[in-house]
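The values are calculated or read from the model by the stated rules, or taken from the named source; none is laboratory data. Because the structure is predicted, anything quoted here is derived from the model rather than measured. For neighbour counting, all protein chains shown are included, and Cβ atoms are generated from backbone atoms with ideal geometry for every residue, glycine included. We work out accessible area using only protein heavy atoms, side chains counted, and drop any ligands, DNA or RNA first. Shrake-Rupley method; radii C 1.70, N 1.55, O 1.52, S 1.80 Å.
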Protein chains: 2
Amino acid sequence: MVPTLQTLREAHDRIRPYIHNTPVLTSTYINSLSEASIYFKCENFQRIGAFKARGGFNALLSLGKDRLTQGVTAHSSGNHAQAVAVAAQTLGVPAYIVMPKTAPKVKQAAVAGYGAEIILCEPTLEARESTVAQIVEEKGAILIHPFNDYSIIAGQGTAAIELLEEVYQLDYILTPIGGGGLTAGSSLAAKYLSPTTKIVGCEPEKADDAYRSLRSGELKAHKSPPKTTADGLLTTLGDKTFGIIKDNVGDILLVNESEIIQAMRLIWERMKIIIEPSCAVPFAALLRNKDLFKGKKVGIILSGGNVDLGKLPFE
Amino acid sequence: MVPTLQTLREAHDRIRPYIHNTPVLTSTYINSLSEASIYFKCENFQRIGAFKARGGFNALLSLGKDRLTQGVTAHSSGNHAQAVAVAAQTLGVPAYIVMPKTAPKVKQAAVAGYGAEIILCEPTLEARESTVAQIVEEKGAILIHPFNDYSIIAGQGTAAIELLEEVYQLDYILTPIGGGGLTAGSSLAAKYLSPTTKIVGCEPEKADDAYRSLRSGELKAHKSPPKTTADGLLTTLGDKTFGIIKDNVGDILLVNESEIIQAMRLIWERMKIIIEPSCAVPFAALLRNKDLFKGKKVGIILSGGNVDLGKLPFE
């Protein structure tokens, strides 16, 4: 069932002991450059370096330790893997994380650091799904989907709850949109707590499934495997996230690759904080659409800060 | 005269409207790795991206607008240039900043962005000093020394005041040490407000003048022009900073180049904040001397976050 206000509140209470209420930062320079008042909700400072800790904890804590004695499993090359691993470690249940064998060693090390067992597979969606299916069958582990799951959506929505409770009367909240968990959760938080706040999902042109889905009113897949520096936004929406987004999200804005890198660099240089490319997409969208946001109060959820420092896109 | 507690308090009150009371951050991971409780005072989030804004504002505000109608001048390739420029802009007086013509374009742009006039010179200390002397003579501008000046020292000491007022009973405060303004100012703050807190200056092995000066009891110059990735720490102490440091600083700890880069990387990866190499020196010193700091409450002043993103030392 689509999370209600009560579901969101319960999710927040459930995960609060395990997550950070991350700071909201502002920058005079960036406000002056963009001619808007921007409030950055810093989920790059969240545990595991990304908002996904919220959904991971909510999913596992909602299921409860007793139902998870056989463990949990997930396939992810990125932040969801760490989120499930840290939540499983906290509950004291086994985690089996399927990662493509091309996943950076540093990400594998982070997952292993939370005590999870890593199962490497070929870097295709088919291989990932079949490997996870095998683990579900053999170990009896429960699969935790990265976004198309109401407990994940409710968990991700708690970042917007905190932002809306800290900054009143935001005109907009901008989020990056990949699978749609953060966007869907944020849109529900705004609907219940601040109905005048419009939610806008922000997406790379090179992975524009959410844009085409919202425009057409039906779920669209990628035409071909997307390639974007915003590698956290490669997935397409699911039916649950799309259902919520269709009803509650005002628009999807697109940005190109150089806009993403430029926005990322501006935040690094001016705010001295580390954000990953996917995380720069909403600020890039704001800069591209300055007229739309001029004079407005805009919340931006900085989704994460997990980057490979040896492979940065700066010149 | 060496700043008294009252001088420090007055400096703080004077600059407070123009600077940030920067946040103090902690990291569970870093505490566990270092087996100490570390409180990072984030001057990388300070205006101009470094603590030097404190000294710059205090120096100019102490002199007062009426004495500065002919303007101020300074030579610096780095943070002091921006500090003097922003303070001059705030007071509405001219700033003439002498920079070596090899200074990165991004730093020149930042100084120009504060409305200062940039005078480029050959990249030698002699050229810098003679160019500044000429400006003093021709324009009647007042020279603002980057560290060997009591109003600068008092300004820099306000970061430690804030840290000591936020975190009680620190066993240590660690600072990077170049010209010694931050270390001297911090040592006075601790002496007056928290006498049991030991101040430790941290220095690259390749620019170890403060280490040799404190050990020998007399001011030592560099044997040859130092080369270190911590390029904010190339200068030697001055007589005013050394006088204070000799009386109030417990020790100087040295670190090598790879320790600096490793410490910098750890803070970037785990705390998602950007610090410059000089700024990583105290944390590197703590990691190198784990036994000394084991179980202690340690404040570290993160001095700045101005790096050239196109030239990072990571692999």
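Exactly one condition in (1) modelled with pLDDT under 95; (2) farther than 30 Å from residue A:49 by Cβ; (3) touching a helix residue (DSSP H, G or I) at 6+ places or on another chain (Cβ under 9 Å) is not met by residue B:231; state its number. Of (1) modelled with pLDDT under 95; (2) farther than 30 Å from residue A:49 by Cβ; (3) touching a helix residue (DSSP H, G or I) at 6+ places or on another chain (Cβ under 9 Å), only one is false for residue B:231: (2).
Table: residues versus (1) away from chain B (no Cβ under 12 Å); (2) touching a Pro at 6+ places or on another chain (Cβ under 8 Å); (3) not charged (D, E, K, R).
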| residue | (1), (2), (3) |
| --- | --- |
| A:250 | yes, no, yes |
| A:254 | yes, yes, yes |
| A:258 | yes, no, yes |
| A:264 | no, yes, yes |
| A:271 | no, no, yes |
| A:275 | no, no, yes |
| A:278 | yes, yes, yes |
| A:284 | yes, no, yes |
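Within region A:288-315, being more than 14 Å from chain B (Cβ to nearest Cβ), surrounded by 16 or more Cβ atoms within 10 Å (Cβ to Cβ) and among the small types (Gly, Ala, Ser) holds for one residue alone: A:299. The set of residues in region B:63-79 that are open to solvent by 30 Å² or more (accessible area, probe 1.4 Å), among the polar types (S, T, N, Q) and under 21 Å from residue B:305 (Cα atoms) contains only B:77.
Scanning region B:80-103 for residues that are touching a Pro at 6+ places or on another chain (Cβ under 9 Å) and either within 17 Å of residue B:154 (Cα to Cα) or surrounded by fewer than 21 Cβ atoms within 10 Å (Cβ to Cβ) (or both) returns B:80, B:83, B:84, B:100, B:101, B:102, B:103.
For region A:269-304, the set of residues classified as free of Cβ contacts under 8 Å to residues at least 12 places away in the same chain, part of a helix (DSSP H, G or I) and more than 23 Å from residue A:164 (Cβ to Cβ) consists of A:269, A:291, listed by residue number.
Among the residues of region A:31-52, write down those that are assigned to a helix (DSSP H, G or I) and away from chain B (no Cβ under 13 Å).
Initially, region A:31-52 is screened for residues assigned to a helix (DSSP H, G or I), giving A:31-34, A:43-45, A:47-49, A:52.
Residues satisfying the conditions are A:31, A:34, A:52.
Taken together, the residues in region A:53-62 that are open to solvent by less than 30 Å² (accessible area, probe 1.4 Å) and either without any contact (Cβ under 8 Å) to a residue 60 or more places away in the chain or in a loop (DSSP other than H, G, I, E, B) (or both) amount to 1.
Scan region B:80-137 for residues that are charged (D, E, K, R) and either within 27 Å of residue B:310 (Cβ to Cβ) or free of Cβ contacts under 8 Å to residues at least 24 places away in the same chain (or both) and jot them down. I'd like the intermediate steps shown before the answer.
Step one: filter region B:80-137 for residues charged (D, E, K, R), giving B:101, B:105, B:107, B:117, B:122, B:126, B:128-129, B:137.
Result: B:101, B:105, B:107, B:117, B:122, B:126, B:128, B:137.
A quick yes/no check of all residues on (1) of a type in the set (D, E, K, R); (2) open to solvent by less than 40 Å² (accessible area, probe 1.4 Å); (3) closer than 26 Å to residue B:56 by Cα:
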residue	(1), (2), (3)
B:191	yes, no, yes
B:207	no, yes, yes
B:215	yes, no, no
B:240	yes, no, yes
B:247	yes, no, yes
B:258	no, no, no
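Note on region A:123-180: residues that are among the hydroxyl-bearing types (Ser, Thr, Tyr) and open to solvent by less than 50 Å² (accessible area, probe 1.4 Å) total 5. Taking the conditions (1) out of contact with any Pro (no Cβ under 8 Å at 6 or more places or on another chain); (2) at pLDDT below 95; (3) closer than 26 Å to residue A:149 by Cβ in turn, residue A:224 satisfies each one other than (3).
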